[in-house]
1. Express the Stokes-Einstein translational diffusion coefficient of the chain in µm² s⁻¹, to the nearest whole number, given a Kirkwood radius over alpha-carbon pairs, 10 °C and a viscosity of 1.306 mPa s.
2. Please list, ordered by chain and number, the residues whose modelled amide H lies under 5 Å from the amide H of residue 63; skip anything fewer than 5 residues away on the same chain.
3. With a point put 7 Å past each Cα toward its Cβ, work out how far residue 347 is from residue 306 in nm, to one decimal.
4. Run the helix sum for the chain: -39,500 (n - 2.57) per DSSP H stretch of 4+ residues, divided by residue count, reported at 222 nm to the nearest 500 deg cm²/dmol.
5. If you plug each phi of the range 19-33 into the Karplus form 6.51 cos²θ - 1.76 cosθ + 1.60 with θ = phi - 60°, what whole-Hz ³J(HN,Hα) values come out, in order, with x for Gly and Pro?
6. If neighbour count is taken as other Cβ atoms inside 10 Å, put 493, 510, 182 in order from fewest to most.
7. Out of the DSSP beta bridges found with both residues in the range 315-567, what percent are antiparallel (nearest 5)?
8. For the pair residue 180 and residue 421, what calculated FRET efficiency results from E = 1/(1 + (r/R0)^6), where r is the Cβ-Cβ distance and R0 = 41 Å, to the nearest 0.05?
Amino acid sequence: MRRLLPFLLVAALSTPALAEPRHGIAMHGKPALPADYQHFPYVKPDVKKGGRVRYGVVGTFDSLNPFILKSMRTTARGMWDPQFGHLVFEPLMQRSADEPFTLYGLLAESIEMDEERSFIQFNLNPAAQWSDGEPVTPEDVIFTMELLRDKGRTPFSGRLTPVEKMEKVGEHAVRFTFNEKSDREFPLILATATPILAKHATDPETFEQSSLEVPIGSGPYLVKSVNPGARIVFERDKDYWGKDIPAKVGFDNYDEISVEYFLQDNTLFEAFKKGVVDIYLDGSPTHWARAYDFPDVQSGAVVKDTFRPDLPTGMLGFVFNTRRPIFENQKVREALALAFDFEWANKNLFEGAYTRTESFWQGSSLSSLGKPAEERELKILGTNKDAIDPAILDGSYRLPQTDASGGDRKILRRVVELMKEGGYTIKNGRMSNEDGSPLRFEIMTQTQDQEKLAIAYQRTLRMIGVDVAVRTVDDAQYQSRSGTFDYDMIVKSYPSSLSPGIEQVGRWGSISRDREGSNNFAGVADPAIDRAIDAMLAARTREDFEAAVRAYDRLLISGHYLVPLYHVPEQWVARRSYIGYPDKTPLYGYQLPVWFDTRAQD
C-alpha cells in the first residue's frame, strides 16, 4: 500500500478536484434563482405563441455566417444576435437579463467547477439536438472550439488561448482545464459568448468563406427565406428541443421573424410609419420629441414606450487619439475636455433631454462619483494615487456647469490656464506651442447628430485660437479609419454593464494599443490601468470587485482620454400596438426575445 501512495498523490495533483453539478454560475456570489426555478422573472410564462414581428435595421448583408472575418459587418441579423435573440445558433448557457452576470443551463444543463475556477465541465442536456434531429455532442463542442480558433474572427478565434486542455468526459460532457492566461470571468465567456456548431453539417474547408447557404443550428428558428442584402425571414422550428427548459420558457414567441434592411435610418423610420416594420428603437431625444406626429400615433396603432434599466450610464465622448503627439499631454486633454459647452448643446440641440456623463459607471455602485477611495482602492492604485486629482480621489469631482452661452468666459479662462501648463499659449490669436506651431486637429464624425456636436465644439475652441476641422465620412471610411486609428479625434460610445470584464482589456489595456481593429480608440497604454483591470478580473467577492472598478474608473477619469458627453437614463421604443411585452422590466432593460404578438393571444 505504501508504494501506491506517491502514485495516488501525483494522480490527485494532476486531476481537477471533483465538483458537484450546478444549475447556474454567477460572476460573483451565487445565482439568484434556485435549481428548481421554472422561468426567468421577466418573461410571460403562459404566453401564447404565434403571429409575427418585423424588425428593421440599417445596413446590408451577404453572409449567414457571423463568425468569420469576411462577413464581420455584413452578416444577416438574427443568426447569432444578442438583441433579436440567438435564433439559429446557441451557446452552452443562457444569460439572465435580471442579474449582473449570471448564467443558467441551455445546451449544457449543468456545470461542474472548482472554487479556483481552474476548470469547468459542461454537462450537455441529453435532449439537445440540431434542427436535422441529430444530437448535440461533446464532439460538436470540441470541433467548434478548434474551428473557431483556426478560422474564426476575433473574439471567437481567441477562445482557446486560456485553455490548457479540452476533453470529452463520458457520453455527454466536455471539460476545459485552464492555464495561467485564464481569469475568473473566462468560464462565463466560454459558456455564453461562444456559439456551438454542428460538426456533421459544417465543412472546415469552406467555413471562412462568406456564404448564403442555410446552416444547421440548434436554435428555436429556421431560415425560411433570404433576399441578400434586403431581407431575411425566420420561421419557428416546431421541433425545437429547448422550448420547455426553464431558461427558454417565455422566449421565442413569434411564428415568424423577419429582418428588413434599409440604407438610411430615416428610410427605416418611414417604413415604420407605413407599417412595414413593427418596432423602432429610438436613440435621439429630438426625434423622440418631434417625429411622432402622424396618424397611427394619434389613433393608437403606434405606441411609444419608455423603459428605465438599472444600469450604469456608460460613456459617450469625443475621444483623443493619444498616439498623436498633440494629445500626449494630459493637461492639454483636460483643457480641451473642459472647453466643451454641454449646457449650450443640451439646450439648443437636444431639447434639454440629456444628462452630463462624468463617470464610466455613473448611476451605479461601481462609479467613483461621490465616494472617497477606500482602503481596497488605494491598495490597487498604489503610488499612482498621487497623480490623481484629489477631487477625483475623494469623490467630489464634477464637471463645471457653463452659462450655456457657448463661450463661458470663466470656463475658457481656466481652459487657457491648463493649456499653458501643457505648453500652449495664445500667440497672434492662435493657440501655439513653444515652437510656434498652432494647435490644430480634425474631428471625424459619422452622423448628422455627431456633426452638429462637433461644429458646436469647433465654434467654442476657435474662441481660444484652436483650429478644428470637422469631417463627416461615410460608413465604410469611418470603419476603415477607426479600425486603423487613422484620426485625431473620433466620437465613440463605451457601454457599461454591472459586470465589466475582459472587454476592458480591448478598450483600455496596453496590449491592445497597437492592435488594429481593437477598441482601444484612445491609444492608452498605462501600467496602472492594466493593474486595475487585473484586479477587477481577479476579484472573488462583490466588495473587492466594486472597489477594483471604482479605482479603474478614477484612473480613466483622471487620464482625460475623452471629452465626456451625455446620456439618457431611459430607453425609447416605438411599436405597433399589437406587439406586447411582459410586465416586468429586468435589470438590463427591455428584452426583445421575450416580446410577443398579442393577436396570437385571442
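What follows is calculated from the coordinates using simple rules that are stated; it is not laboratory data. This one's a predicted model, so the numbers in the text were calculated from it and none came from an experiment. No Cβ is skipped: glycine too gets one built from the backbone with ideal geometry, and neighbour counts run over all protein chains shown.
1. 60 µm²/s
2. It is 76, by chain and number.
3. So the label points at residue 347 and residue 306 sit 2.2 nm apart.
4. So the calculated ellipticity at 222 nm is -7500 deg cm²/dmol.
5. 9, 6, x, 10, 7, x, 8, 10, 4, 9, x, 10, x, 6, 8
6. 493, 510, 182
7. Just about 65 percent of them are antiparallel.
8. Using R0 = 41 Å, I get an efficiency of 0.45.
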